[in-house]
Amino acid sequence: EEDFGVQGEYPTHPDLLDWLATEFVRSGWNVKEMHRLIVMSATYRQSAAASAERRHLDPENRLLSRGARFRLRPQEIRDQALFVSGLITERLGGASVFPYQPPGLWSEITSLKLQPEWFLTVDYKQDHGPLLYRRSVYTFWKRSVPPPNMTVFDAETREVCVVRRQNSNTPLQAMNLLNDVTYVEAARHLAHRMLSEGGESAETRIDCGLNLIISRNASSAEQKILRSGLSRQLEDYHRYPDAAKQLLASGESGIPGNHDPVELAAWTQIALLMLNLDEAITRN
């Protein structure tokens, strides 16, 4: 997109573009139907995994021989965490909402002296209850102070139009997924689901959590790592029960179920780890 014109490259699949164009006309210029046609195609739904032979024949995926692999958009990462935890509010439509945000962020950037009296977005007034868990498309967006848990995952500031979103990979993203109140709270409710729906053993509970997030069971190596981590967390929280209570106090949704706080806190940490997996935030 940054090199259109006479110096640009010819399309790699001109016949495909011609066919898509005629389908667009046939559908009556129905954009939603075109989106559905593309995302339901066998080509789009391919796995990003490829054999060594296929990678040798098509190293840059010019022949569309495998699926694209890229990190989910920031809105999708947040919505996924809310969905698998059971917290998400699925009501469609309505006004913008004000979910969790670090206190004082807007007042640090926006000066009251520079705003007219009728301008009501100088101070961030956080919502409560189900409004906190609405899908990210409803999040109120202030161009000068965009939501920090979105910008850390390369969301645009919306100050200028962009054609393609840039993806970065920084330690701040992992820090956000492990510490942001949204994800800690979601992990607590995901841990509740693992304890309630995953059976009695650690193995089946781990499989339950991974199936909810990435739709597969844990490998034997992953089971070993996660069970070992669970043992360490249980030991630490038995030693410091106040730390368990502090972890479970994140967010406004309360503590689900009637679980032992130490056990729920330990499983919350395992859920956080699962939500932070590269496979969990990447389209494969």
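Worth a mention:
- The one condition in (1) at pLDDT 90 or above; (2) of a type in the set (Asp, Glu); (3) in a loop (DSSP other than H, G, I, E, B) that Glu117 fails to fulfil: (1)
- Residue count, segment 33-58 (criterion: farther than 23 Å from Arg69 by Cα and surrounded by fewer than 11 Cβ atoms within 10 Å (Cβ to Cβ)): 0
- Note on segment 62-72: residues that are touching a helix residue (DSSP H, G or I) at 6+ places or on another chain (Cβ under 9 Å) and buried (at least 17 other Cβ atoms within 10 Å of the Cβ) amount to 2.
- Some residue of segment 136-152 being buried (at least 19 other Cβ atoms within 10 Å of the Cβ) and either small (Gly, Ala, Ser) or free of Cβ contacts under 8 Å to residues at least 24 places away in the same chain (or both): yes
The values are calculated or read from the model by the stated rules, or taken from the named source; none is laboratory data. Bear in mind that the values here come from a model prediction, so they are computed numbers and not experimental data. Quick reminder, even Gly has a Cβ in these numbers, built from the backbone with ideal geometry, and neighbours come from all protein chains shown.
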